[in-house]
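No value in this document is a laboratory result; all are computed from the given coordinates. The structure presented is a predicted model; accordingly, all values stated were derived computationally and were not measured. Ideal geometry is used to build each Cβ from the backbone, glycine not excepted, and the neighbour counts take in all protein chains shown.
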Amino acid sequence: MTATTTAPGSADTAAVRRAIADTVRPARPGRLSTALTFGWRGMLKVKHVPEQLLDVTVTPVMFLLLFTYLFGGAIAGSTSAYLDYTLPGLLVMSVLFTTVYSGVSLNTDLTKGVVDRFRSLPIWRPAPLLGSLLGDSVRYVVAGTVIIAVGVALGYRPDGGVGGALAALALVVVFSFGLSWVFSVLGLLMRSPNAVMNAGFMGIFPLTFLSNVFVDPATLPGPLEAFVEVNPISVLATASRSLMAGAPDGTAIAVSLAVAAALAAVFLPVTTRLYRSR
Amino acid sequence: MTAQPALAIEAVGLEKSFGDTRAVAGVDLAVPAGAIYGVLGPNGAGKTTTIRMLATLVEPDAGSARVLGHDVVAESDAVRGLVSLTGQLASVDEELTGRENLVLVGRLLGHRRAAARARADELLEAFGVADAAGRLVKHWSGGMRRRLDIAASIVVTPQLVFLDEPTTGLDPRSRNQVWEIARALAAAGTTILLCTQYLEEADQLADGIAVIDRGRVIAEGTPGQLKASVGTGSLHVRLLDPGRRAEAARVLEAAVGTVVLEPDPAALSAACADAERAAVGVGELGRAGVGVAGFSLDQPSLDEVFLALTGHVAEQQPSGTLEEQAS
Ligand SMILES: Nc1ncnc2c1ncn2[C@@H]1O[C@H](COP(=O)(O)OP(=O)(O)O)[C@@H](O)[C@H]1O
Ligand SMILES: [Mg+2]
């Protein structure tokens, strides 16, 4: 058996004619139902291409192991103390990396021509974009859960307990919904899925390292410290840390949510406009 | 089905530019309902852009078009409800299975889950891809994808189907299957707008053809009219007795036109623009007592038509490759 199937059955002209003769035209579905159908499509993709999930979870797990055992002692005095500090940040990193894939899969759809099919159907126009959020959210939750699980396996015990961990995960997922629109715009502007991936990581990678995910900014030189303090990823990591610790930092949580809302407010309309006109 | 207007597509002065490229520079089209109408032109002529404007995927810069009586800009949603598009790149989802693709379209068009599944299975069977239904489409051959793509276009039977280069990159067997499907659609009363670079395809399928080059329609008519408008055809005659060829040549030269002797010693042909003259020529041979084994009347090929109209040659149908088209 080869991967490609050739010379299978033939079209049966009589059956094609019978199929065409059936002119049943169902009532148009509602907006929610249409978006949910696209959500189902997103789920099917996760099911058919689980490697994608592997891609996005392996890198953060690798960082978790590397940093904890290689630098943990040097940075925080002991590996367990460092795990306490860095795990909530790695949760942020892990889920944010996943958002790049929203842009990658949108670009894949465009280059393959399936978007032309969607755009020629009599459906609510934002439905494909909103529906894909559903598939995305599964990816976010899996990526976040994996990193927390690995942390727990290595001895991480958040003071906030299960509730704190879930709250942190929920916050990071909500932030990712906002950020994903940035990558959707990239996905609509760039030529190939690979270009989107490269550009996406070129942005998110340094931003993640120039945050407080791995080190306490107090140890950094002045200008760098200033940047790290205002980096939204630091704020989100601080918020995530506070929730995991069972002592929610209201300001950090509010700022994180506001940044997410602002990103969505700016990039969601750009996405829908580009999606219509491309 | 509701009554259709006499013209399924009526476009006037359509224009679309991308930066400095005038992809479509003033296209008029009048496509009768129920016909297969061919838009024939070389790569880059503006076929896809024209289809995308008519299928409401892009708005024209200038001009207007009505599809099945609805304006493509002001009533784009109504147009989308009546037409289907089979794009130049197969418009199917490669990361889903064949069945999932059709169920997805069925659900989006309002079928309930069970009805969408039943329709998907009916179409997979009719299009000869039922065996591969559960496999991801990225593992399917080009011909199978094309058929799935057309199947997706008739999940809910449309009144008009846009087919954009449906056989580009297909092997001859798959191409013939796509042609059969297009004919079946037309026989059921569906209007088809067919874009193609292949003269043979337009000749095989289309009732009317618009020849398009550099964003403009440069000729229009039935395949026969287009051929008649350029050059002449020829009358080929095969004789029972090769020994009487010289006599036959004299008769045809007088009754029809310039005679060419063919390599076959029993055959000759005469330049001939219309069938009536040809009939006279064959009659004259009979009167002179020259026995005729057979005869035929050739029209000029669409290749010659295209060359005469545009001054350059159109591309030929590749003789069979399963390669993915480059776009
Ligand atoms: N989205 C686009 N952006 C820029 N140029 C385009 C775009 N689409 C088409 N063109 C250009 O417009 C011209 C006509 O293209 P097209 O309509 O695809 O022709 P055809 O389908 O006949 O091959 C070509 O020169 C093509 O490069
Ligand atoms: Mg084209």
* Per residue of A:36-43, what is the mean number of Cβ atoms on other protein chains within 10 angstrom of that residue's Cβ? -> 3
* **Amide N of the range B:10-47 lying under 13 Å from the label point, which is placed 7 angstrom from the Cα of B:ASP61 along Cα→Cβ** => B:14-27
* Whole-number percent relative contact order across the range A:30-277, with pairs defined as alpha carbons under 8 Å at least 6 apart -> 27 percent
* Asked: How high is the FRET efficiency from B:ARG287 to B:ALA118, r the C-beta distance, R0 56 Å, rounded to 0.05?
  -> 0.25
* Where in chain A are the DSSP H helices whose C-alpha atoms run 15 Å or more along the long axis and whose mean Kyte hydropathy is at least 1.6? -> A:161-189
* **Amide proton proximity set for A:ALA245, modelled H, under 5 Å, gap of 5+** => A:GLY160
* To do: Report the label-to-label distance for B:SER17 and A:ALA149 in nanometres (one decimal), using points 7 Å from each Cα along the Cα→Cβ vector.
  => 5.7 nm
* **Between the range B:260-291 and the range B:41-76, the Cα center-to-center distance that results, in Å** => 48 Å
* Take the Cα coordinates of the range A:30-277, assign each an equal point scatterer, and use the Debye formula without solvent to give log10 I(q)/I(0) at q = 0.09 Å⁻¹. => -0.40
* Work out the length of the dipole vector of the range B:232-299 about its Cα centre, built from +1 on the beta-carbon of each Lys and Arg and -1 on the beta-carbon of each Asp and Glu, and round it to the nearest 20 debye. => 160 debye
* How large is log10 I(q)/I(0) at q = 0.22 Å⁻¹ when the Debye formula is applied to the Cα atoms of the range B:232-299, each weighted equally and without solvent? -> -0.81
* To do: Pop a pseudo-label 7 angstrom from the Cα along the beta-carbon direction at both A:ALA261 and B:THR258 and give the gap in nm to one decimal.
  => 8.3 nm
* To the nearest 0.05, what FRET efficiency results for A:THR59 and B:ALA30 with a Förster distance of 56 Å applied to their C-beta separation? -> 0.45
* Asked: Can you list residues whose amide H is under 5 Å from B:ILE218's amide H, if they're 5+ apart or on another chain and H is modeled 1.01 Å from N?
  -> B:VAL211, B:ILE212, B:ASP213
* Structure fact -> Highest GNM mean-square fluctuation among A:ALA27, A:ALA167, A:ALA260, for chain A with Cα springs under 10 Å, belongs to A:ALA27
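Taking the Kirkwood radius as the inverse of the mean 1/r across Cα pairs, report the Rg/Rh of the protein assembly as shown.
Expressed as Rg/Rh, it is 1.14.
Could you list B:GLU180, B:GLU15 so that the one with the fewest beta carbons within 10 Å of its beta carbon is first and the one with the most is last?
Fewest-to-most Cβ neighbours within 10 Å comes out as B:GLU180, B:GLU15.
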* Label point distance in nm, B:ALA249-B:ASP274, each placed 7 Å from Cα along Cα→Cβ -> 2.9 nm
